[in-house]
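Enquirer: Sharing a structure below in structure tokens format, with a few things to ask.
The values are calculated or read from the model by the stated rules, or taken from the named source; none is laboratory data. Computed from a predicted model, the values in this text were never measured in an experiment. Cβ coordinates were reconstructed from backbone atoms using ideal geometry, including for glycine residues, and neighbour counts include every protein chain displayed. Accessible surface is based on the protein model in full, side chains and every heavy atom, while ligands, DNA and RNA are left aside. Shrake-Rupley method; radii C 1.70, N 1.55, O 1.52, S 1.80 Å.
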Amino acid sequence: MRAVRCIIVGGGLAGGLAAYRLATLRPEIEVLLLESGQAAGGNHTWSFHAGDLSPAQHRWLSPFVDHRWPRYEVRFPRRARVIETGYASISSLRFSAVLREALGDRLVCGVPVRALRADGVDLADGRSIAASAVVDARGYRPDAALDVRFQKFVGLELSIGAPGPKMPIVMDATVPQKDGYRFVYTLPFAEDRILVEDTYYSDGPETPEQALADGIRAYAQSKGWSPAEILRREAGVLPIALGGDLKAYLAQAGGVVPLGLRAGLFHPTTGYSLPDAVRTADLIATQPDIATAPLAAAVTRHSLAEWRARRIFRLLNRLLFLGAGDSERRDILEHFHRLPDTTIARFYAARLSSADIIRIFAGKPPMPVRRALSILMDGRAAREAS
């Protein structure tokens, strides 16, 4: 096959948005997006908060967005509130359609890749494609260099026989706690169509999908939503970072450009990756030299800078996973949701101010202070590279 300027391997969120941004902002650059599955984006729903992105980023991302809501709700045993911050979601179906319209035959699905090199890729069918830039956006790669736990979930999109909630319920933690911190997440796509996800912050990635799906149907029934039909099922496992050596993790990229989760670019506490995917799409599309070495250097600098800036989130994660039992994890999240809407918004955007950090640790802590300090000061638990 003939050479192209830039090959992006992995048609998920980070790879797809980078290819889209290159194609629309730099049409003179030939980009090829390779996805091993049958459609870009797989079977997922990505969500984000309004404060996660700049106005310019909201504008260029808008073709992908299926649903927007002006506010959302959280529920805990002793606290329930509406948070006046915008929320939005993207379905993989729309994601794939927008990419196909923008890229045309430059989006190639059903093509497994055998090997990536700085100057091209080898396909599983024996063909090779040369390129000036090769980007690896195939998702999170487990590695001992990073100390992670997991956010895991199963979701059912339901057709319901009675009106559902009016706004997203981002956390309903009034449900029984098990396997870590558990909550149910609900997105109302229409009056009679909702997505319900049973979600866990757990030490292990194992997900009993059928049991969780049965629980979702029971939960919907208990809310009076009368699930009439299952329209779609999705499941996922996201890394939650407690510490590690990101430089060592990135050094194993194999001489190509790591992107998205493969570059450690995700919110350490929530696992959300869309804001980072948007920012790195802008970063790649605005580089003067679209070649492997300079792109890899730019993404590596950006990833390491974000990792350093987000150390406070990994400290909080260690409190959640190393210092708290299952019931205490919920108490910590309930305590956090006493904070002002603006602080919560900056938390989700991974842009906490010094005043925000003070607010988070103020008040009566949900775990003994001595235990919290021992976790925060334990360098062995932190496993942070110097």
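Enquirer: With a 1.4 Å probe and all protein chains left in place, how much accessible area per residue does segment 199-278 have, in Å²? Walk me through the numbers before you get to the answer.
Expert: Numbers: 2830 Å² over 80 residues.
Value for segment 199-278: 35 Å² per residue.
Enquirer: Can I ask one more? Taking the Cα centre of the chain as origin, sum charge times position over the Cβ atoms of Lys and Arg (+1) and Asp and Glu (-1), and report the length of that vector in debye to the nearest 20. Working shown, then result.
Expert: Values: 49 positive and 41 negative charges, 202 e Å.
That gives the chain a dipole magnitude of about 960 debye.
Enquirer: At a Förster radius of 51 Å, what calculated FRET efficiency corresponds to the Cβ-Cβ distance of Ile357 and Val108, to the nearest 0.05? Present the calculation step by step, with values, prior to reporting the outcome.
Expert: Values: r = 46 Å, r/R0 = 0.89.
E(calc), rounded to 0.05, equals 0.65.
Enquirer: Let me ask something else. At 1.4 Å probe size, with every protein chain present, just tell me what the per residue accessible area of segment 77-174 comes to in Å².
Expert: Working: 4000 Å² over 98 residues.
Counting only protein heavy atoms, the per-residue value for segment 77-174 is 41 Å².
Enquirer: Please identify the trypsin sites (Lys or Arg not before Pro) of segment 155-211 that satisfy two criteria: DSSP loop assignment and at most 12 other Cβ atoms within 10 Å. Which are they? Walk me through the numbers before you get to the answer.
Expert: Working: sites: Lys166, Lys178, Arg182, Arg193; in loops: Lys166, Lys178.
Passing sites in segment 155-211 are Lys166, Lys178.
Enquirer: Using 7 Å Cα-to-Cβ label points, what is the Ala211/Asp192 separation (nm, one decimal)?
Expert: 3.5
Enquirer: Shape verdict for the chain, please, from the Cα gyration tensor: rounded (a/c under 1.5), prolate (a/b greater than b/c) or oblate. Display every interim value, and only then the final one.
Expert: Values: a/c = 1.84, a/b = 1.31, b/c = 1.40.
Taking the square roots of the gyration eigenvalues as a ≥ b ≥ c, the chain is oblate.
Enquirer: For segment 147-271, what % of the accessible area comes from carbon and sulfur atoms, probe 1.4 Å? If you can, show how the numbers build up before the last one.
Expert: Working: 2220 of 4250 Å².
Its accessible area is 52 percent carbon and sulfur atoms.
Enquirer: Be a star and scan segment 117-136 for residues whose amide nitrogen sits under 19 Å from the point 7 Å along the Cα-to-Cβ vector of Glu28.
Expert: Answer for segment 117-136: 132-133.
Enquirer: Given R₀ = 30 Å, what would the calculated FRET efficiency be for Arg100 paired with Arg79, taking r from the Cβ atoms and rounding to 0.05? Present the calculation step by step, with values, prior to reporting the outcome.
Expert: Values: r = 44 Å, r/R0 = 1.46.
Here the calculated transfer efficiency is 0.10.
Enquirer: Let me ask you something else. Suppose accessible area is computed on protein heavy atoms with a 1.4 Å probe; arrange Cys6, Cys109 from highest to lowest.
Expert: Numbers: Cys6 0, Cys109 35 Å².
Heavy-atom accessible area, descending, gives Cys109, Cys6.
Enquirer: Calculate, in nm to one decimal, what Thr342 and Arg233 gain on full extension: separation in residues at 0.36 nm each, minus their alpha carbon distance.
Expert: Details: separation 109, 0.36 × 109 = 39.24 nm, distance 3.33 nm.
Using 0.36 nm per residue and subtracting the Cα-Cα distance, I get 35.9 nm.
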